[in-house]
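*Asks:* I'd like to ask some things about the structure below.
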Number of protein chains: 4
Amino acid sequence: MVVVMAPGATPEDVARVVARVEAAGGETFVSTGVSRTIIGLVGDVDAFWQLDLRALPGVAAVHRISDPYKLVSRQHHPERSTVWVGSGERRVPLGPGRFTLIAGPCAVESAEQALEAAHIARSAGASLLRAGAWKQRTSPYAFPGLGVTGLEILARAGEATGMPVVTEVVDPRDVPVAAEHADMLQVGSASMASVGLLQAVAETGRPVLLERGHTATVEEWLMAAEHIAQRGNLDIVLCERGIRTFEPTTRTTPDLVAVPVAQAASHLPVVVDPSHAAGRRDLVVPLARAAIAVGADGVAVDVHPHPEDALCHGPQALHGAELRELARAVRRLPAALGRQDTPAAYPRS
Amino acid sequence: MVVVMAPGATPEDVARVVARVEAAGGETFVSTGVSRTIIGLVGDVDAFWQLDLRALPGVAAVHRISDPYKLVSRQHHPERSTVWVGSGERRVPLGPGRFTLIAGPCAVESAEQALEAAHIARSAGASLLRAGAWKQRTSPYAFPGLGVTGLEILARAGEATGMPVVTEVVDPRDVPVAAEHADMLQVGSASMASVGLLQAVAETGRPVLLERGHTATVEEWLMAAEHIAQRGNLDIVLCERGIRTFEPTTRTTPDLVAVPVAQAASHLPVVVDPSHAAGRRDLVVPLARAAIAVGADGVAVDVHPHPEDALCHGPQALHGAELRELARAVRRLPAALGRQDTPAAYPRS
Amino acid sequence: MVVVMAPGATPEDVARVVARVEAAGGETFVSTGVSRTIIGLVGDVDAFWQLDLRALPGVAAVHRISDPYKLVSRQHHPERSTVWVGSGERRVPLGPGRFTLIAGPCAVESAEQALEAAHIARSAGASLLRAGAWKQRTSPYAFPGLGVTGLEILARAGEATGMPVVTEVVDPRDVPVAAEHADMLQVGSASMASVGLLQAVAETGRPVLLERGHTATVEEWLMAAEHIAQRGNLDIVLCERGIRTFEPTTRTTPDLVAVPVAQAASHLPVVVDPSHAAGRRDLVVPLARAAIAVGADGVAVDVHPHPEDALCHGPQALHGAELRELARAVRRLPAALGRQDTPAAYPRS
Amino acid sequence: MVVVMAPGATPEDVARVVARVEAAGGETFVSTGVSRTIIGLVGDVDAFWQLDLRALPGVAAVHRISDPYKLVSRQHHPERSTVWVGSGERRVPLGPGRFTLIAGPCAVESAEQALEAAHIARSAGASLLRAGAWKQRTSPYAFPGLGVTGLEILARAGEATGMPVVTEVVDPRDVPVAAEHADMLQVGSASMASVGLLQAVAETGRPVLLERGHTATVEEWLMAAEHIAQRGNLDIVLCERGIRTFEPTTRTTPDLVAVPVAQAASHLPVVVDPSHAAGRRDLVVPLARAAIAVGADGVAVDVHPHPEDALCHGPQALHGAELRELARAVRRLPAALGRQDTPAAYPRS
């Protein structure tokens, strides 16, 4: 950590910073420049950060150098991690050397719809089934999801098609029941910074699919992951699903460079959700290809048997034929890129 | 609502839209232009929105016209509302014709600190005391607040100084205990879109101070308020506390034009929090003056007996002298602007 | 175009809009809804836009429907265009069914540096040489480029390696001399909205590489292209080079979805510049792969014989070995994606 | 300046940085921490910046400490500056201790319209007349301004009403003729980063009204001013006119906190343009009041004799009655704020 003093800081101001850091068990290196003094801090950076040195007289700025996250950082864990979802012979890996396709309907609407979507997903090569029982909707007048009934339907559709299931939770009070029915819990972009929800999810021990907030930096995303990790759960998969920009023709702007940026900063797997990011069916396949090419560990897409009747985000759901086109890209592209991927999309045959 | 058909849409495509709207009980007006057909919809716009007409073949775009929020809209409730906080002779109004000063420490740290800050606030003219017992922190290694102990301390400081108290809740599971101790519950910017929290807060019947999300539009802010209103609680005060922009020298950018924009769209009172918005003590008084001048119904500021020792956001907390400077602006400016304000800041003398 | 009247608009307000539109030669369709009247306009939309109907009493909003750009729109020109750069046997195509690699140093620094960079680019498969003689720098104290001397050096490096050359212009007064020496003129992101520069460049008749502004929407980018097209020059190639977002670890955020979005809206070719977009060498190859996968018609990258000594943006310039890795992706990926690309990167052997 | 080495940097990497800085005439202070080495640099920071130390092996980051701008910085020029516009007895000051009202029509449309608008402005208390002869329009099909004819009309309207005139230039080739007719030249937000235009304007010796770019940080705005100052022209007035945000109901979001932020960083005067910032007439007066309250040195507003017929931005232009309401605020507010302002709005009576 580096403390930059203001041009007019007095020797007493410098001494005050030094004393405070040393009282917290740190060492200081004072460099007196032409117009400014700089104090380097060595020791427990988190303790120093708590001192709020910026509030002291004569301090112009405080720069933090090491990562503010630790457990999810690649600095101390250089090997990239693999997260396993599901149990027994249905276990599915997400991580380096694999490419995993996650698919399903945006929302569970009925037993028929969920099962039909699961079959489409499965036959196109998906290995994880995702669908929502609770939807975080902007409007109180929009379809809120089927709740616990939806969870039960989803679990049955997963069993019928041999896929572990992923579902989103939006309220910490629903986390225990969700963990009973689902193999992986998703924290959506609007909840990324909800510490109570992150803690509740962490404590179930289930793997977590953590979406990036629409305006979160990569560091803020990793800090959200750190909240989960700090409760002892490191089975976290990061999901990039678009950032808010000034472009109105897509719902958000998929940030594909965030994939290699997050993979360089953290050991956690990173997947991309092109359906929610763009909100337009015609862009899902090109984006999924680009996600593979940029190095993502998987993609998550919406599929619906009848998108034009969907209760939630129909315009972004793929038809079966489009999903098969995507599946072809999943089979061919990794090899063309020189990746030695185990096709996680086909775990058992 | 207006449905815009694509240039190549067929008469069958148009007929399909018409049929679907009519099946939902609506009327349609079809205008066939040189290169496009436009269909006007009259009837229950929310029902039409659920139809997801954008997913139908031949549809290029769907424009919604009336406000998506209803209960908080000024369209159907032209008079601006006043929200009362506290009970008995400690009741404090927020709304048109008043200007209300809310002040207190960012976080409750100890009984002494809370009481000392409350006295500073009170003697400078504040009528509501605000302090945090739970803090939504980016880092799991930062001070998280004192929890229920903090609530108890805050309630006593409010009683000692004769002010109703406001406190933030971040987890729906904490809402019942918070409602026992506090007169008004705050939903912070990071939680603005957390539907579970909005519903839990609404159901306590306590007035709500609803911060705008850092990247929320005014419409999204009002939709969050609508989630509260839809559960039967209309005692909502909107709080503008800065939006995320590209400017790095302030924590966020206070969006003062949002005050008249929100007041034109909604009947709810609107206050500004210049302390959290800017994050810099030197900007709080100029911003508070500007908030009064632009028409805000109140301001909320951080005050701390010893900002340099604060456990949370010390660099933004005012000293007593600065708070008194602010209080002078509160007394003088409204009259200079031709506002006939009852000085809510001095409710009883 | 659709005019939405305010809830309280009077019949006179409606009549005034109708009269004004009809006076301008248009037709109107009035739909009277439950709470609002909507007026559809058929005829010359640009003429209607000039009427500034939004300023009339009772008008709540005016929605434009057709594209505001015409000559660059794909609506009236469904075939995608190919732009040829250079003359004689050095002509290089940019457009559908090709993939074109553009490379060179960010700035011309000396004859030796430019020639060495050109050889690296050429031997790795580039077919267009790009380098800057004038740099639009944030600081007046930064290297501004060699000006006309730089142009002469660049032209000689292009001749020596058999590649047409592209160079950026930043001032309309420099356009004539730039057009004498360069085969294609680039308009940089900071100048995208400079109408005088767009017009000056258009009038040279040279093909134009038009970078997207850092915060421009795709529509604004196409409007800038329309300024060029409207002066009779349709040889325009769009270049996506990153948008400003809240992420600080990359210079900007490359917006890859803008490639298919722009290709759907316009017939012009679209290329991506991953070097300037990310500003980090380690991200250039993954991003270039993703650009190919998402459907770009080419990529433009910085290459420098000695990046660590570069006077401009050294941290983003590829070494020769990295450029060859990129060239391998250029050879393999299009086929894996099912594109039948003529490898424009090797125009003559 | 501070160079932060990567965790795995070798002693050779450190020595290379030290050697390069010393070769450039600087001194270094090396601090070896637990996991990182930090090198403080003392000497000519601009020379160090040119070294591009970030490109060297082992370097993780380079932090600049002093301001990158010098001539416009308040660090070396603590007194705030006053800029005088016009000559002889028509000279008008902009700067501390004054409040200056600038008004006029967005575009010169005809001699009658310009003169009528000038009279409205003058009688409401404006002391500078602003109108555009060239407009930087998004669409090539929009009204581009009257050019030199417009300049001549504007100059005559200024003479007739006794006000110096301000006009925008968008192309460096038009600067000489604009400087013949206008007392102050405006550089618009879309041109803020156009170095050629900044230099051309600087060299006329006329005072410059420099708008902030829609997505520029305050530092980038001051760097644009530095380009002007570096050519020897320090008569620069900064104009805040809105930043691009996600809010769609106003054209841009006026950033009022930028006023005290820029005044703290630079000695130049700062004014606000609420008309272009918000684009809505109903918000101009509240915003102008807030601009005064936050400490702006002036405001610039659009006024038009018949806003509903304006060829440019009619919906934001004030009528005469609204301008008089604004003028009342200009007279009363500064005193209520304790400012001892010379009413620059009435320079001669």
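*Asks:* Tell me, what HN-Hα J-couplings in whole Hz come from the Karplus equation 6.51 cos²θ - 1.76 cosθ + 1.60 at θ = phi - 60° for each residue of the range D:307-316, using x for Gly and Pro?
*Replies:* x, 6, 9, 4, 7, 8, 6, x, x, 9
*Asks:* Counting DSSP beta bridges in the protein assembly as shown, what percent are antiparallel, to the nearest 5?
*Replies:* If we restrict to bridges inside the protein assembly as shown, about 40 percent are antiparallel.
*Asks:* Going by a ≥ b ≥ c, the root eigenvalues of the Cα gyration tensor, does the range D:155-307 fall in the rounded group (a/c under 1.5), the prolate group (a/b larger than b/c) or the oblate group?
*Replies:* The shape class here is oblate.
*Asks:* Can you work out ³J(HN,Hα) from phi for every residue in the range C:239-255, in order, using Karplus 6.51 cos²θ - 1.76 cosθ + 1.60 and θ = phi - 60°, giving whole Hz and x for Gly and Pro?
*Replies:* After applying 6.51 cos²θ - 1.76 cosθ + 1.60, I find 10, 7, 9, x, 10, 6, 10, 8, 7, x, 7, 10, 4, 9, 10, x, 9 Hz.
*Asks:* What's the buried accessible area, both sides, between C and A using a 1.4 Å probe, rounded to 100 Å²?
*Replies:* 2500
*Asks:* Could you tell me the calculated FRET efficiency between residue A:335 and residue D:173, based on Cβ-Cβ distance and R0 = 41 angstrom, to the nearest 0.05?
*Replies:* FRET efficiency, residue A:335 to residue D:173: 0.15.
*Asks:* Sort shortest first the distances from residue C:248 to its counterpart in every other copy, using label points 7 Å along the Cα-to-beta-carbon line, and give them in nm.
*Replies:* 0.5, 3.1, 3.2
*Asks:* Once the protein assembly as shown is represented by equal point scatterers at the alpha-carbon sites, with solvent omitted, what log10 I(q)/I(0) does the Debye formula produce at q = 0.05, 0.06 Å⁻¹?
*Replies:* Summing over Cα pairs of the protein assembly as shown leads to -0.37, -0.55.
*Asks:* Could you give me D for the range D:81-153, from Stokes-Einstein at 10 °C and 1.306 mPa s, where the hydrodynamic radius is the Kirkwood radius over C-alpha pairs? Units µm² s⁻¹, please.
*Replies:* Taking Rh from Cα pairs, D becomes 116 µm²/s.
*Asks:* I've got another one for you. How would C:189, C:123 rank on accessible area, largest to smallest, probe 1.4 Å?
*Replies:* C:123, C:189
*Asks:* Another question, if that's okay. Evaluate the charge dipole of the range D:36-143 about its Cα centre and quote only its size in Debye, nearest 20, assuming +1 on the Cβ of each Lys and Arg and -1 on the Cβ of each Asp and Glu.
*Replies:* Charge dipole of the range D:36-143: 200 debye, to the nearest 20.
*Asks:* Still on this model: Over 35 Å apart: what share of the alpha carbon pairs of chain B falls there, rounded to a whole percent?
*Replies:* I get 29 percent for the Cα pairs in chain B exceeding 35 Å.
*Asks:* Okay, moving on. Would you pull out the residues with amide H under 5 Å of residue B:236's amide H, same chain only if 5 or more places away, H placed 1.01 Å from N?
*Replies:* B:208
*Asks:* Here's another thing I want to ask about it. Could you point to the residue in D:10, D:24, D:100 farthest towards the positive end of the range D:1-122's charge dipole, with +1 and -1 charges on the Cβ of Lys/Arg and Asp/Glu respectively?
*Replies:* Most positive-ward Cα: D:100.
*Asks:* A further question follows. Rounding to the nearest 20 debye, state how big the charge dipole of the range C:238-331 is about its Cα centre with +1 on each Lys and Arg Cβ and -1 on each Asp and Glu Cβ.
*Replies:* Roughly 160 debye for the range C:238-331.
*Asks:* Something else about it: Order B:46, D:273, D:44, most accessible first, counting only protein heavy atoms with a 1.4 angstrom probe.
*Replies:* Result of the area sort, largest leading: D:44, B:46, D:273.
*Asks:* Just the number, please: percent antiparallel of the DSSP beta bridges in the range C:205-349, rounded to the nearest 5.
*Replies:* Counting DSSP beta bridges with both partners in the range C:205-349, the antiparallel share is about 10 percent.
*Asks:* Okay, next question. Using a 1.4 angstrom probe on protein heavy atoms only, which residues from the range A:261-288 are buried by at least 20 Å² of accessible area when all chains are present rather than their own chain alone?
*Replies:* Checking the loss per residue gives A:261, A:280, A:283, A:286, A:287.
*Asks:* How much accessible area per residue does the range D:203-331 have, counting only protein heavy atoms and a probe of 1.4 Å, in square angstrom?
*Replies:* Dividing the accessible area of the range D:203-331 by its residue count gives 24 Å².
*Asks:* If you don't mind, another one. When the Karplus curve 6.51 cos²θ - 1.76 cosθ + 1.60 is applied with θ = phi - 60°, which whole-Hz ³J(HN,Hα) does each residue of the range A:112-123 get, with x for Gly and Pro?
*Replies:* Values per residue, Gly and Pro as x: 5, 4, 5, 5, 4, 4, 5, 5, 4, 4, 4, 6 Hz.
*Asks:* Considering only protein heavy atoms and a probe of 1.4 Å, how much of the accessible area of the protein assembly as shown is carbon and sulfur, as a whole percent?
*Replies:* Carbon with sulfur: 50 percent of the solvent-accessible area.
*Asks:* Run the label-point distances for residue D:47 please: 7 Å along Cα to Cβ, every other copy, nanometres, shortest first.
*Replies:* 4.1, 6.7, 7.9
*Asks:* Kindly provide the helix-only [θ] at 222 nm of chain B, computed as the sum of -39,500 (n - 2.57) over DSSP H runs of four or more divided by all residues, to the nearest 500 deg cm²/dmol?
*Replies:* My calculation for chain B gives -10500 deg cm²/dmol from helical runs alone.
*Asks:* Now a separate question. Give me the angle, in degrees from 0 to 90, between the Cα long axis of helix C:148-161 and the longest principal axis of the Cα atoms of chain C, rounded to the nearest 10.
*Replies:* 70
*Asks:* So, R0 is 25 Å and r is the distance between the beta-carbons of residue A:142 and residue B:23; what FRET efficiency does that work out to, to 0.05?
*Replies:* E(calc), rounded to 0.05, equals 0.80.
*Asks:* Only Lys, Arg, Asp and Glu count, each charged at its Cβ (+1, +1, -1, -1), so figure out the dipole size of the range C:1-70 about its Cα centre, rounded to 20 debye.
*Replies:* Around 180 debye, computed over the range C:1-70.
*Asks:* Another question, then. Just for chain D, what percent of DSSP beta bridges are antiparallel, to the closest 5?
*Replies:* Around 40 percent antiparallel, to the nearest 5.
*Asks:* Test of understanding: express the Cα radius of gyration of the range D:102-203 as a ratio to 2.2 N^0.38 Å, with N the residue count.
*Replies:* Rounded to two decimals, the normalised Rg is 1.02.
*Asks:* Another question, if that's okay. Relative contact order for chain A: what percent, with Cα pairs under 8 Å and sequence separation of 6 or more?
*Replies:* Result for chain A is 17 percent.
*Asks:* Which cysteines does chain A leave without a neighbouring Cys Cβ under 4.7 Å?
*Replies:* A:239
*Asks:* Ok, one more. Given label points at 7 Å from Cα along Cα→Cβ, what nm distances, shortest first, separate residue B:143 from the same residue in every other copy?
*Replies:* Relative to the other copies, residue B:143 has label-point distances of 4.7, 4.9, 5.8 nm.
*Asks:* Let me ask another. Can you list residues from other chains, or at least 5 along the same chain, whose modelled amide H is less than 5 Å from the amide H of residue C:104?
*Replies:* It is C:130, C:301, C:303, by chain and number.
*Asks:* Testing the spin-label approximation: label points 7 Å from Cα along Cα→Cβ at residue A:156 and residue A:6. State their distance in nm.
*Replies:* 6.8
*Asks:* Using modelled backbone amide H atoms (1.01 Å from N, in-plane), which distant-in-sequence or interchain residues come within less than 5 Å of residue D:37's amide H?
*Replies:* HN-HN under 5 Å from residue D:37: D:5.
*Asks:* Hey, which residue of C has the C-beta nearest the axis mapping C onto D, and what's the distance in Å?
*Replies:* Residue with the nearest Cβ, plus whole-Å distance, for chain C: C:215, 2.
*Asks:* Taking a 1.4 Å probe, which of A:49, B:134 shows the most accessible area, and what order do the others take after it?
*Replies:* Largest accessible area first, the residues go A:49, B:134.
*Asks:* Moving on. If you count only protein heavy atoms with a 1.4 Å probe, what accessible area per residue comes out for the range D:58-201, rounded to a whole Å²?
*Replies:* Per residue, the range D:58-201 has an accessible area of 33 Å².
*Asks:* Which of the three applies to the range D:237-339, rounded, prolate or oblate, going by the alpha-carbon gyration tensor with a ≥ b ≥ c and a/c under 1.5 meaning rounded?
*Replies:* oblate
The values are calculated or read from the model by the stated rules, or taken from the named source; none is laboratory data. Quick caveat: nothing in here was measured; it's all calculated off a predicted structure. Because the Cβ atoms are built from the backbone with ideal geometry, glycine has one as well, and the counts that use them run over all protein chains shown. Protein only, heavy atoms only, side chains kept; ligands, DNA and RNA dropped before computing areas. Shrake-Rupley method; radii C 1.70, N 1.55, O 1.52, S 1.80 Å.
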